[in-house]
Amino acid sequence: MAITQQRGATSKDRLRIDWRHPVPPVPEGITTYAESALPLAEALQVIWEGDERPLLVLRECSFCQGTDQALLSRTSNNDRTVLLTKWFRVVRLPAHVTEPRHAFHNVFSGYTWKGNPHFYLLATPWSDPVEFTGQQTQTSLWKGMQDVIAERYSRDPAKAVKEWLSLLDQFDRLDAQMKTMQDQIDEARAAEGPESSRAKSLEKRLADARKEHTEALAREERVRDIGLLPMPKKVAAAGAAGGQK
């Protein structure tokens, strides 16, 4: 089992992977999904859907279907990995994408691979893919993700993710404090009345914690914005390079 720490509501909200599940296009006048594989460039355009961020695309298998096992470690803390995904468009394709007639078949079969990737990263539609088998070390995954992010963003992702992890710890502390203080306020109001000095003192402490939480959220916005660069204007070249078949 992965090593995890107790996280508060704010951190838990950040530590979910924002998977997208693209739907194959339906040709005009046809009532069913495409029954043949799209060319790689067209398939990438569909799953990228105009998102300017780099792409992480994962192929499910019969063993990991419905889970994040190919991407996340089962023995280590995955917080850094999940935060790094926020700077990608993260796409999950079904296991049967390996079937030749699946519309997105060429998203994996349209490249020449070194191995048998479970997922890969693309900085742009015409970049060389950075492939991972699902058995990669966290160190190699973080390096690959940060290298691709650095190609498409103007600021250092390693520094940003370190600051963001520190903010998660701050959110955890504040969430716990605010919950405890609210419980104490409710108890003080019930026992001593809503205008009691104890209730008023706790209300002030709660207001201070909420203010600190709001300030931390504002700092988080600044940390997350590492300056996404415009997608290079080479759309017509998509599929023409990068070891694609």
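The values are calculated or read from the model by the stated rules, or taken from the named source; none is laboratory data. All values reported here derive from a predicted model rather than from experimental measurement. Note that we place each Cβ from the backbone using ideal geometry, even for glycine, and neighbour counts take in every protein chain shown.
Restricting to the range 133-151, give me the number of residues that are under 14 Å from Leu72 (Cβ atoms) and either within 16 Å of the chain's Cα centre (by Cα) or not assigned by TED's automatic domain parsing to the domain that holds Ser76 (or both).
The number of residues fulfilling the criteria is 4.
Show the residue pairs meeting these rules: Cβ distance below 9 Å; 6+ apart or different chains; first residue within the range 72-92 and within 24 Å of Gly50 (Cβ to Cβ) and not assigned by TED's automatic domain parsing to the domain that holds Gly50; second residue in a loop (DSSP other than H, G, I, E, B) and among the aliphatic types (A, V, I, L, M).
Nothing qualifies.
Within the range 87-119, can you find the residues that are part of a loop (DSSP other than H, G, I, E, B) and buried (at least 18 other Cβ atoms within 10 Å of the Cβ)?
We begin by selecting, within the range 87-119, every residue part of a loop (DSSP other than H, G, I, E, B); these are 87-88, 94, 99-105, 110, 112-118.
Passing the criteria: Trp87, Phe88, His102, Ala103, Phe104, His105, Gly110, Pro117, His118.
Regarding the range 127-134, can at least one residue be identified that is surrounded by fewer than 21 Cβ atoms within 10 Å (Cβ to Cβ) and farther than 25 Å from Glu42 by Cα?
Looking through the range 127-134, at least one residue is surrounded by fewer than 21 Cβ atoms within 10 Å (Cβ to Cβ) and farther than 25 Å from Glu42 by Cα.
Look at the range 198-233 and say how many of its residues are among the polar types (S, T, N, Q) and touching a helix residue (DSSP H, G or I) at 6+ places or on another chain (Cβ under 9 Å). Before you say what the answer is, go through the steps one by one.
First pass over the range 198-233, keeping only residues among the polar types (S, T, N, Q): 201, 214.
Adding the requirement that they be touching a helix residue (DSSP H, G or I) at 6+ places or on another chain (Cβ under 9 Å) leaves 201.
Qualifying residue count for the region: 1.
So which residues in the range 51-67 are surrounded by 16 or more Cβ atoms within 10 Å (Cβ to Cβ), touching a helix residue (DSSP H, G or I) at 6+ places or on another chain (Cβ under 9 Å) and modelled with pLDDT of 90 or more, if there are any at all?
Of the range 51-67, the ones surrounded by 16 or more Cβ atoms within 10 Å (Cβ to Cβ) are 53-60, 64.
Remaining after also requiring touching a helix residue (DSSP H, G or I) at 6+ places or on another chain (Cβ under 9 Å): 53-57, 59-60, 64.
Answer for the range 51-67, where residues must be surrounded by 16 or more Cβ atoms within 10 Å (Cβ to Cβ), touching a helix residue (DSSP H, G or I) at 6+ places or on another chain (Cβ under 9 Å) and modelled with pLDDT of 90 or more: Arg53, Pro54, Leu55, Leu56, Val57, Arg59, Glu60.
Looking at (1) modelled with pLDDT of 95 or more; (2) more than 23 Å from Asp169 (Cβ to Cβ); (3) aliphatic (A, V, I, L, M); (4) touching a strand residue (DSSP E or B) at 6+ places or on another chain (Cβ under 8 Å), which one does Val97 not meet, given that it meets all the others?
Looking at each condition in turn, Val97 falls short on (1).
Of the conditions (1) surrounded by fewer than 22 Cβ atoms within 10 Å (Cβ to Cβ); (2) part of a loop (DSSP other than H, G, I, E, B), Val82 fails just one. Which one is it?
(2)
Can you work out which of the residues in the range 217-227 that are in a helix (DSSP H, G or I) and surrounded by fewer than 17 Cβ atoms within 10 Å (Cβ to Cβ) is nearest to the chain's Cα centre (by Cα)?
Of everything passing the filter in the range 217-227, Arg224 is nearest to the chain's Cα centre (by Cα).
Just to be sure I understand, how many residues within the range 181-216 are without any contact (Cβ under 8 Å) to a residue 24 or more places away in the chain and either in a helix (DSSP H, G or I) or of a type in the set (Asp, Glu) (or both)?
24
Does Ala209 satisfy the condition of being modelled with pLDDT under 95, more than 16 Å from Pro54 (Cβ to Cβ) and crowded, with 16+ Cβ neighbours inside 10 Å? Steps first, answer last, please.
Working: modelled with pLDDT under 95: no; more than 16 Å from Pro54 (Cβ to Cβ): yes; crowded, with 16+ Cβ neighbours inside 10 Å: yes.
Considered against the rule, which asks whether it is modelled with pLDDT under 95, more than 16 Å from Pro54 (Cβ to Cβ) and crowded, with 16+ Cβ neighbours inside 10 Å, Ala209 comes out as no.
Do we find a residue being within 20 Å of Gln6 (Cα to Cα) and out of contact with any Asp or Glu (no Cβ under 6 Å at 6 or more places or on another chain) anywhere in the range 149-162?
Checked against the condition, which is being within 20 Å of Gln6 (Cα to Cα) and out of contact with any Asp or Glu (no Cβ under 6 Å at 6 or more places or on another chain), the range 149-162 yields at least one hit.
Can you name every residue in the range 121-131 that is in contact (Cβ under 8 Å) with a residue 24 or more places away in the chain and over 16 Å from the mean Cα position of the chain (by Cα)?
As a first pass, look at the range 121-131 and keep what is in contact (Cβ under 8 Å) with a residue 24 or more places away in the chain: 121-129.
Within the range 121-131, Thr124, Pro125, Trp126, Ser127, Asp128, Pro129 qualify.
Hey, Thr139 hits all of (1) surrounded by fewer than 20 Cβ atoms within 10 Å (Cβ to Cβ); (2) farther than 30 Å from Lys162 by Cβ but one; which does it fall short on?
Of the numbered conditions (1) surrounded by fewer than 20 Cβ atoms within 10 Å (Cβ to Cβ); (2) farther than 30 Å from Lys162 by Cβ, the odd one out for Thr139 is (2).
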